[in-house]
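To start, the structure itself, in C-alpha cells.
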Amino acid sequence: MHSAGRSLRVGIVGYGGAGRGIHARLVREAGHTVTAVVVRSPERRAAAAQDWPRVHLHDDLAALVADRDAYDVVVVASPTALHAEHVTTVVAAGLPVVADKPLALDTASARAVVEAAEAAGAPLTVFQNRRWDPEQLTLRSVLEGGGLGTVHTFERRWERWRPVPQQRWKENDPVGGGLLLDLGPHLVDSATQLFGPVTSVWAELRSLTTPTEDDVFLVLHHAPDASGNAVVSRLWAGSVVGAPGPRTRVLGTAGAYVVTTFENDASPFEALDDGAPEGTEGWLTHGRERAAVPRADGGHADFYRAVAAWLLADGPVPVDPWDAVRTAEVLDAARRSAAEGRRLSV
C-alpha cells in the first residue's frame, strides 16, 4: 500500500455529465488528480486535456487497463447499460474500481460483477455519494438524537419540473435509462442505510413524456428492528412535477423532520424556508410548531476522501458493493411489482 499522504490518481471511463460533471469535479474538490481518461469525442478529449494538463487520453478501455501505472483507481462513469461489462473488464485485471450507480441493470448482473471482483482480489466500491449529502447526515443525527420518538414512516421525493424532456440517453435508452435506474438506487440506498433491509416492495412506474419511465413511486416495507418496529418508506422520482416536494419527511411518535426543497429545484415549498437560520438543514416539526435543525458537516467530496483512505491507507471500503446487489434486488422487485400490480417480497 502507498502512503496516506499521497494524492490519489484517478482514471475515469467516460467524460460526460457523470465523468466530468460529477466525478472529476469531486476528485478535484477532495484534493486528488485525474491522470487518465477514456474518451472518444473530440470536444470531450479537449475538455479533459484542459481540465487536467498531463492527463493520459485513451480511445478505449483496453488501452486504459494497459496503462495501469498511470492511476490508483478506475472510475467507471460510462452509460448505465455498460457498467457491468466495464467494471468486469477492469476487475479482471486486478485493478481497484469505483463503479457509478447502478452497478448493473439487474440483480444477477450486479451479483456477477461483485463475485468477479472478489475472485480477482480487486477492490470494488460503488458511488453512492448521497450517503454524504448534508441532508442525509443531518437526518441521521436527528434519528440518533431520538427527538422523533419511534419512526414509522420515511418519505423522500426526487421530483423535477421538466415538461420538455432533456435529449440524453438517460431519457431515451429503454435498457439503461429511466428514473428507476437513475434515481432509484439513491432513494433505495438512503432508505436502507437509515432503516434497514427491505422485506417487500410495491411500485408504480409510468412513462409520461419519455420512452423510459419518468414517474416512479415505491413503497418499501423494512424488516422490524430489535424492538419490533418496522418502518415504511415511500419514495418518489418524477420529471413532470409542477410542485416538487417536500423533499424529505420523516414521521415519528414524537414529531417529524421535514426538508422542504432540494438542490435549487424550483418548488412552492421554498417559502417555508424564508427565515431559516444560516447553517441549518430542515425542520423538526410538531403540527404548526417548528425548529430549525443544525446542518451536519459533510459533502460528496468526502466519498473520494474515503476512497483515498481505503486504497492508500487501508481504510474501510466507502460503500460495500454487496449493498448495490441488495439495492438491485429491490429495484428488480419494483419493476415486477409495477408490471403485476401487486406487492412482492424481496
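The values are calculated or read from the model by the stated rules, or taken from the named source; none is laboratory data. What you see is a predicted model, and the numbers here were worked out from it, not measured in a lab. Every residue, glycine as well, gets a Cβ built from its backbone with ideal geometry; the counts of neighbours run over all protein chains shown.
Details
- For region 191-216, a tally of residues being over 26 Å from Gln136 (Cα atoms) and among the polar types (S, T, N, Q) returns 4.
- Cross-chain or 6+ apart pairs with Cβ under 7 Å, region 124-143 first and closer than 18 Å to Val98 by Cα, then part of a strand (DSSP E or B) and among the hydrophobic types (A, V, I, L, M, F, W, C): Leu124/Val97; Leu124/Ala99; Thr125/Val98; Val126/Ala99; Phe127/Val98; Phe127/Ala99
- Test: residue in region 274-295 that is in a helix (DSSP H, G or I) and over 15 Å from Gln128 (Cβ atoms): no
- Of all residues in region 179-223, those being surrounded by 18 or more Cβ atoms within 10 Å (Cβ to Cβ) and assigned to a loop (DSSP other than H, G, I, E, B) number 5.
- Filtered residue count, region 162-178, keeping only those that are part of a loop (DSSP other than H, G, I, E, B) and charged (D, E, K, R): 3
- Test: residue in region 244-253 that is surrounded by fewer than 17 Cβ atoms within 10 Å (Cβ to Cβ) and either at pLDDT below 95 or of a type in the set (A, V, I, L, M, F, W, C) (or both): no
- Of the strands (runs of 3 or more DSSP E) lying entirely inside region 1-66, those carrying at least 1 residues that are closer than 28 Å to Pro316 by Cβ and at pLDDT 95 or above are 9-13, 33-38.
- Subset of region 147-164 that is modelled with pLDDT of 95 or more and among the aliphatic types (A, V, I, L, M) - its residue that is farthest from Arg234 (Cα to Cα): Leu148
- Residue satisfying condition, being closer than 30 Å to Val293 by Cβ and surrounded by fewer than 22 Cβ atoms within 10 Å (Cβ to Cβ), within set Thr153, Thr125: Thr153
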